[in-house]
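What follows draws every value from the coordinates through simple rules; no lab data is involved. As the structure is a prediction and not an experimental result, all values here were calculated from the model. Using ideal geometry, Cβ is built from the backbone for each residue, glycine included, and neighbour counts are taken over all protein chains shown.
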Amino acid sequence: MKIGMNMFLWTTHVGHDHEALLRDIKATGFDGVEVPVFEGDVRHYRDLALLLDDIGLDRTAVSAMGDPSMNLIGDAAQRARGVDYMRATLDKAHALGASLICGPLHSTLGHFSGEGPTAQEFANSVASQRQIGDHAAGLGITVALEALNRFECYLVNTMDSLAAHLGEIGHPSIRAMYDTFHANIEETDPIGALTRNAGSVAHIHISENDRGVPGRGNIPWQETYAAIRSIGYDGWLAIESFGRGLPDLAAATKVWRDFAETPEAVYREGYRHITNSLGVT
């Protein structure tokens with residue numbers, strides 16, 4: 001397994017001004033970082049890849065879609081814009097050197113219809129994801145879709161629902177991500193949700209119940225790590241935490257207070273939490 005640190009704790013746009021932080025993340029022991037892919041062109045991400053290579057950090061990518069005019073489950077025009085956006089995002093992830101991108105890349109984050117997902121919306125999603133999957137496959141990238149809690153999206157809230165939808169999509173480049181934070185909210189049996197759907201899982205987020213320091217909250221960590229081992233998972237474990245430093249992201253994730261005394265506490269203690277829990281030295 002590889003251990004990564006999601007950069008959302010500091011920024012949605014990683015650049016050379018984060019070099020000192022990236023070097024400290026490497027010095028802490030992390031194998032890589034999870035890089036937000038939003039603004040910036042392919043050249044920016046290619047340049048960032050050179051910096052990460054120099055530091056010795058591998059990387060995954062993360063993104064989200066907050067514009068309803070690019071809704072992948074919406075009408076034909078919205079879906080076309082959404083697919084175009086995802087193709088451009090995948091091109092950036094490829095330039096970054098990431099072979100996996102994760103996030104709620106199935107529908108518009110924070111956008112609600114006032115009811116649950118319809119059969120037509122699921123059908124629209126299937127069509128969109130197959131197009132995205134074809135582009136991802138050409139780049140050698142896996143797209144790991146995330147089941148989010150009901151307060152952030154309405155298309156897929158549980159791992160069972162996500163896995164069933166992946167079965168309908170039927171594309172090898174479109175997989176699932178398991179996130180301990182969302183599972184803690186939506187799953188009656190978070191551990192069973194992981195083990196039942198192990199065949200769909202390509203990525204895992206390690207996130208405390210309050211989005212703070214992993215290991216300080218009420219996630220059943222011992223059982224979670226035992227399950228991760230039992231399913232033979234050998235991918236990334238990426239710590240995801242959020243702070244108040246980015247107002248737009250804080251608003252989207254409903255972060256109204258600090259969850260740790262410092263960002264350093266999140267990644268340094270979080271790294272020790274993972275390695276100690278897995279018995280890794």
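The table for this structure:
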quantity: Reported label for calculated Rg and Dmax of the Cα atoms in Å given [x] 20.6, 65; [y] 23.7, 76; [z] 17.5, 51; calculated: [z]
quantity: Given charges at beta-carbon only (K, R positive; D, E negative), |dipole| of segment 1-127 in Debye; calculated: 180
quantity: Eligible lysines near residue 2 by straight Cα distance, threshold 19 Å, same-chain separation 8 or greater; calculated: 26
quantity: Relative contact order, percent, the chain [alpha-carbon distance under 8 Å, six or more residues apart]; calculated: 18
quantity: Mean separation of Cα contacts under 8 Å, 6 or more apart, over the residue count of segment 161-281: relative contact order %; calculated: 23
quantity: Positive dipole terminus of segment 1-128, leading residue within 62, 8, 99 (C-beta point charges); calculated: 99
quantity: Selected from 191, 125, 214, residue furthest toward positive end of dipole (the chain; charges at beta carbon); calculated: 191
quantity: Spatial separation of Cα centroids for segment 33-70 and segment 177-241, in angstrom; calculated: 24
quantity: Estimated [θ] at 222 nm from DSSP helical runs (n ≥ 4, -39500 (n - 2.57)) normalised by residues in the chain, nearest 500; calculated: -13500 deg cm²/dmol
quantity: Electrostatic dipole magnitude of the chain [Cβ: Lys, Arg +1; Asp, Glu -1; Cα centre; debye, to 20]; calculated: 240
quantity: 14 Å beta-carbon shell around residue 167, net charge (K/R +1, D/E -1); calculated: +1
